[in-house]
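**Q** Mind having a look at this structure? Questions to follow.
The values are calculated or read from the model by the stated rules, or taken from the named source; none is laboratory data. Everything numeric here is computed off the predicted structure, so don't read it as measured data. Positions of Cβ are backbone-derived with ideal geometry, glycine not excepted, and every protein chain shown enters the neighbour counts.
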Amino acid sequence: MDMERAAEHLRRVFGFDGFRPGQEEVVRTLLEGRPALAVFPTGGGKSLCYQLPALLLQGLTLVVSPLIALMKDQVDQLQALGVAAARLDSTLTAEEARDIYDRAADGRLKLLYVAPERLGNEGFRARLRRTRVDLLAIDEAHCISEWGHNFRPDYLKIAAFAEEVGVRRVLCLTATATPSVSEDIRAAFDIAEADHVQTGFHRPNLTLRVLPCTADARVPTLIDRLRDQSGGATVVYVTLQKTAERVAEALNAAGLHAAAYHAGLNNEVRARIQDDFMDGRVPIVVATIAFGMGIDKADIRAVYHVNLPKSLEGYSQEIGRAGRDGAPSRCELLACADDQAVLDNFSYGDTPTDASIRGLLDQLAAGGTPLSVSQYHLSRDHDMRPLVVATVLTYLELSGDLVATGPFYAGYKLGFPQGRPAVEARLDGERGAFIRAILGAGSMGRSLLSLEPDVVAEQIGQPRERIVTALTWLEQQGLVTLKAASLRHGFHVPRPLEVDRLTAELVARFQQREQADIARTASVLAFAEAPGCLTRRLVGYFGEELGQDCGHCGHCLGEPAAPVPRSAPASLTESDRDLVEEVAAEGHPALAHPRQLTRFLCGLRSPATSGRNGLQRDRRFGALEDLPFLAVLDVAEAHRSA
């Protein structure tokens, strides 16, 4: 009966006469109340696997999605179909957010999209207690796997969140899971192997080609290829922001209409370029990987990679944006091995120094238990990117050395749209006395009341959770505006931290991650140089056996495999060595460790160089960015040892 209703909604709401491969199995599994993993290629119809069940289930379907653009696109499409869907993100006003919470609580909302970070938001969890959640859908679920190509610590905590809210029906979705990553996902959510639905990665309408190019020949080759092709929307992927600008400028100079897109542009410019591309006013976008997620344009006719992608997972995801309408499309890699140094440098630059890890652990050990920390301050104090700090804390949770008690905000700022006297006049009885006590413990500024729930709890002798719930109620009633401040993460420390042991383990773990990233880049080069069917080799990486050659990739069409060109190995000149020693001799505290100095010279940003010390504006920042990280590091370490 459920599948009959599902088929009816499929036709009536979504306008489809039948399911695409894999969709029916996933929908059936969810309606039967079991968790599932769907590994479908980009454009394979993953979103319908939760959108359709959401209409048949009584409660809310909560969708975890990593990007605002992706959420907005999905919600807009659903609302156009008459489906009650919404998203919670930083662009909403307090009134808009309050309306969404109310609709979710009283059952008027069927799908709610949130970022993974929001699941740790204290206010969000408090509001969700009023809501029945029947399905949790997790997009980009490969981020759960520590050894996947895009590990995000917040994803590791989704399983605990699902258990806390009592939702057993979970759907994990991804387009880029290798067999080992799929195994990690199934283990995290107790998904039976029989409920792992994987459709083929082979898309016959995509023609994969590898064109070996020298560094100087790539842009002229791209221009020739674009002139030869029969038009159509095109995405050109590059690694660096400045490369996007340079290539777009060269294409326009050649009479082709192109725009650059990257994270360095402001939101308004990026939105305009995306809209122009979607509407066909700009046929070619030259972009970093910041472009593509959430772009649902069915008629992209070509995807070019001017630079090597960082991994085969990324490559598969990016070429998957071509030809979603099923029409023939081109995916061409202009392969030059010179890119390897830049890609490897990103991996090396993310690895924290042993001194940074030890310093962070020393600070945690001195904090006692219970422990609360600010990831922002830890990042700044120990020169680790915030994502690296979050990863360290996650590793300590996984090893049992820390037990998370949950994120919380150390402070809140309250505004009074109707004036504070008008608010207090509406409060009566025990609740009114309790809330007046909370407000009385705060500090009133010119227009906002600042208070710290922990301090208030101590002053009035009430639990912190009750205080936060009261503040949330005030906001829901429209009596105050509520702005959280100073996000902190709470932990219980079950035993004294063994700093020496943990430092050694974490250093080894980050080195292992570094080598895994380097190996992924090497696998791209191996793919580009390998003989035989390109499609067969690519799908084999994801555990699929094609059985025979595709017959339509460049190699199958007679283009022979060839070595990827590489310039002479880059080595430091005497002037480069002098530069390393010159900067090192200045003794800047932020560049004291050879790895910090190397990051600076290779143009890799870190908290230490991004602050007010002006290092990122120093003319020498990035002066050696084209050189291998390890070669510069060798000279920096030799200077320290001298």
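**Q** Scanning the stretch 60-82 for residues that are under 20 Å from Ala97 (Cβ atoms) and not in a helix (DSSP H, G or I), which turns out modelled with the lowest pLDDT?
**A** Among those that are under 20 Å from Ala97 (Cβ atoms) and not in a helix (DSSP H, G or I), it is Leu67.
**Q** Of everything in the stretch 490-518 that's out of contact with any Gly (no Cβ under 8 Å at 6 or more places or on another chain) and closer than 30 Å to Pro453 by Cβ, which residue is surrounded by the fewest Cβ atoms within 10 Å (Cβ to Cβ)?
**A** Per the stated criteria, the residue is Arg495.
**Q** Report whether or not Ala457 is part of a helix (DSSP H, G or I), of a type in the set (A, V, I, L, M, F, W, C) and either under 30 Å from the mean Cα position of the chain (by Cα) or closer than 22 Å to Pro116 by Cα (or both).
**A** Numbers: part of a helix (DSSP H, G or I): yes; of a type in the set (A, V, I, L, M, F, W, C): yes; either under 30 Å from the mean Cα position of the chain (by Cα) or closer than 22 Å to Pro116 by Cα (or both): no.
No.
**Q** Further, regarding this structure: Looking at the stretch 404-431 only, could you name the residues that are in contact with a Lys or Arg (Cβ under 8 Å, 6 or more places away or on another chain) and free of Cβ contacts under 8 Å to residues at least 24 places away in the same chain?
**A** The answer is Glu424, Leu427.
**Q** Please work out which residue is modelled with the highest pLDDT, limiting yourself to the stretch 446-499 and to residues that are charged (D, E, K, R) and farther than 27 Å from Ala366 by Cβ.
**A** Arg466
**Q** Sticking with this structure for a sec: I need the full set of residues from the stretch 551-582 which are among the charged types (D, E, K, R) and assigned to a loop (DSSP other than H, G, I, E, B), in order please. Outline the logic, then answer.
**A** As a first pass, look at the stretch 551-582 and keep what is among the charged types (D, E, K, R): 559, 566, 574, 576-578, 581-582.
Result: Glu559, Arg566.
**Q** Inspect the stretch 169-181 for any residue being modelled with pLDDT of 90 or more, among the basic types (Lys, Arg) and in contact with a helix residue (DSSP H, G or I) (Cβ under 7 Å, 6 or more places away or on another chain) and give the result as yes or no.
**A** yes
**Q** Output yes when any residue across the stretch 542-557 is closer than 30 Å to Ser356 by Cβ and either hydrophobic (A, V, I, L, M, F, W, C) or crowded, with 18+ Cβ neighbours inside 10 Å (or both), and no when none is. Spell out how you get there, then give the answer.
**A** Keep residues of the stretch 542-557 that are closer than 30 Å to Ser356 by Cβ, which gives none.
For the stretch 542-557, residues closer than 30 Å to Ser356 by Cβ and either hydrophobic (A, V, I, L, M, F, W, C) or crowded, with 18+ Cβ neighbours inside 10 Å (or both): absent.
**Q** Here is a further query. Mind checking which residues of the stretch 129-141 are under 13 Å from Val64 (Cβ atoms) and either modelled with pLDDT under 90 or assigned to a loop (DSSP other than H, G, I, E, B) (or both)?
**A** Asp139, Glu140 - these are the residues of the stretch 129-141 that are under 13 Å from Val64 (Cβ atoms) and either modelled with pLDDT under 90 or assigned to a loop (DSSP other than H, G, I, E, B) (or both).
**Q** Condition test on Pro370, is it over 30 Å from Leu240 (Cβ atoms) and in contact with a strand residue (DSSP E or B) (Cβ under 8 Å, 6 or more places away or on another chain)?
**A** Taking the combined requirement at face value, the residue satisfies it.
**Q** Another question, then. Please list, ordered by first then second residue, the pairs with beta carbon atoms under 6 Å, 6 or more apart or interchain, first in the stretch 93-114 and without any contact (Cβ under 8 Å) to a residue 40 or more places away in the chain, second of a type in the set (Lys, Arg).
**A** Ala105/Arg130
**Q** What helices (runs of 4 or more DSSP H), lying completely within the stretch 589-642, carry at least 2 residues that are under 25 Å from Asp381 (Cβ atoms) and under 27 Å from the mean Cα position of the chain (by Cα)?
**A** Qualifying helices (runs of 4 or more DSSP H): 594-601, 607-610.
**Q** Cβ-Cβ distance below 7 Å, separation of 6 or more or different chains: which pairs start in the stretch 62-81 with a residue that is assigned by TED's automatic domain parsing to the domain that holds Thr131 and end on one that is among the basic types (Lys, Arg)?
**A** The qualifying pairs are Met71/Arg87; Lys72/Arg87; Val75/Arg87.
Here's the yes/no breakdown for (1) touching a residue at least 60 places away in the same chain (Cβ under 8 Å); (2) within 24 Å of Ala159 (Cβ to Cβ); (3) crowded, with 21+ Cβ neighbours inside 10 Å:
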residue: Asp325; (1), (2), (3): no, no, no
residue: Leu333; (1), (2), (3): yes, no, yes
residue: Val342; (1), (2), (3): yes, no, yes
residue: Thr353; (1), (2), (3): yes, no, no
residue: Ile357; (1), (2), (3): yes, no, yes
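**Q** Scan Leu396, Leu334, Leu378, Leu364 and give me the residue that is over 26 Å from Val632 (Cα atoms), at pLDDT 90 or above, in a helix (DSSP H, G or I) and touching a helix residue (DSSP H, G or I) at 6+ places or on another chain (Cβ under 6 Å).
**A** Criteria check complete, one pass: Leu378.
**Q** Being of a type in the set (D, E, K, R), over 30 Å from Glu318 (Cβ atoms) and either in a helix (DSSP H, G or I) or touching a residue at least 60 places away in the same chain (Cβ under 8 Å) (or both) is the requirement here; does Arg466 meet it?
**A** Answer is yes for this residue.
**Q** Just the residues that are in contact with a helix residue (DSSP H, G or I) (Cβ under 6 Å, 6 or more places away or on another chain) and either assigned to a loop (DSSP other than H, G, I, E, B) or among the β-branched types (Val, Ile, Thr) (or both), please, taken from the stretch 254-268.
**A** The answer is Ala254, Leu256, His262, Gly264.
**Q** Right, next: Select from the stretch 619-640 the residues that are out of contact with any Lys or Arg (no Cβ under 7 Å at 6 or more places or on another chain) and under 16 Å from Thr353 (Cβ atoms) and list them in ascending order.
**A** Hits for the stretch 619-640 are Phe629, Leu630, Val632, Asp634, Ala636, Glu637, His639, Arg640.
**Q** Could you go through the stretch 29-39 and let me know if any residue there is in contact with a strand residue (DSSP E or B) (Cβ under 6 Å, 6 or more places away or on another chain) and over 16 Å from Gln198 (Cα atoms).
**A** Looking through the stretch 29-39, none of the residues is in contact with a strand residue (DSSP E or B) (Cβ under 6 Å, 6 or more places away or on another chain) and over 16 Å from Gln198 (Cα atoms).
**Q** What pairs come up if the first residue lies in the stretch 440-451 and is in contact (Cβ under 8 Å) with a residue 40 or more places away in the chain and more than 17 Å from Gln418 (Cβ to Cβ), the second is surrounded by 11 or more Cβ atoms within 10 Å (Cβ to Cβ) and of a type in the set (A, V, I, L, M, F, W, C), and their beta carbons are under 9 Å apart, counting only those six or more places apart or on different chains?
**A** Qualifying pairs under 9 Å: Leu451/Leu414; Leu451/Ile438; Leu451/Leu439; Leu451/Ala441; Leu451/Ile467; Leu451/Leu471.
**Q** Residues that are part of a strand (DSSP E or B), surrounded by 16 or more Cβ atoms within 10 Å (Cβ to Cβ) and not assigned by TED's automatic domain parsing to the domain that holds Lys72: does the stretch 269-285 have at least one? Before you say what the answer is, go through the steps one by one.
**A** First, pick out the residues of the stretch 269-285 that are part of a strand (DSSP E or B): 284-285.
From what's left, surrounded by 16 or more Cβ atoms within 10 Å (Cβ to Cβ): 284-285.
Narrowing the set further to residues that are not assigned by TED's automatic domain parsing to the domain that holds Lys72 leaves 284-285.
The answer is yes; a qualifying residue exists.
**Q** Looking at the stretch 131-140, is at least one residue without any contact (Cβ under 8 Å) to a residue 60 or more places away in the chain and either of a type in the set (Ser, Thr, Tyr) or assigned by TED's automatic domain parsing to the domain that holds Gly18 (or both)?
**A** No, the stretch 131-140 has no match at all.
**Q** Check the stretch 12-32 and report whether any residue there is within 30 Å of Leu482 (Cα to Cα) and modelled with pLDDT under 95.
**A** Going through the stretch 12-32, the residues within 30 Å of Leu482 (Cα to Cα) turn out to be none.
No, because not a single residue in the stretch 12-32 is within 30 Å of Leu482 (Cα to Cα) and modelled with pLDDT under 95.
**Q** Just give me the residues in the stretch 162-189 being small (Gly, Ala, Ser), touching a residue at least 12 places away in the same chain (Cβ under 8 Å) and in a helix (DSSP H, G or I), in sequence order.
**A** If the condition is that a residue be small (Gly, Ala, Ser), touching a residue at least 12 places away in the same chain (Cβ under 8 Å) and in a helix (DSSP H, G or I), then Ala162, Ser180, Ser182, Ala188 are the ones that fit.
**Q** In the stretch 585-604, is there at least one residue being of a type in the set (D, E, K, R) and either surrounded by 18 or more Cβ atoms within 10 Å (Cβ to Cβ) or under 24 Å from Asp344 (Cβ atoms) (or both)?
**A** yes
**Q** If Leu92 meets every condition in (1) at pLDDT below 85; (2) among the aliphatic types (A, V, I, L, M); (3) closer than 21 Å to Arg152 by Cα apart from one, which number is that one?
**A** The one condition Leu92 does not meet is (3).
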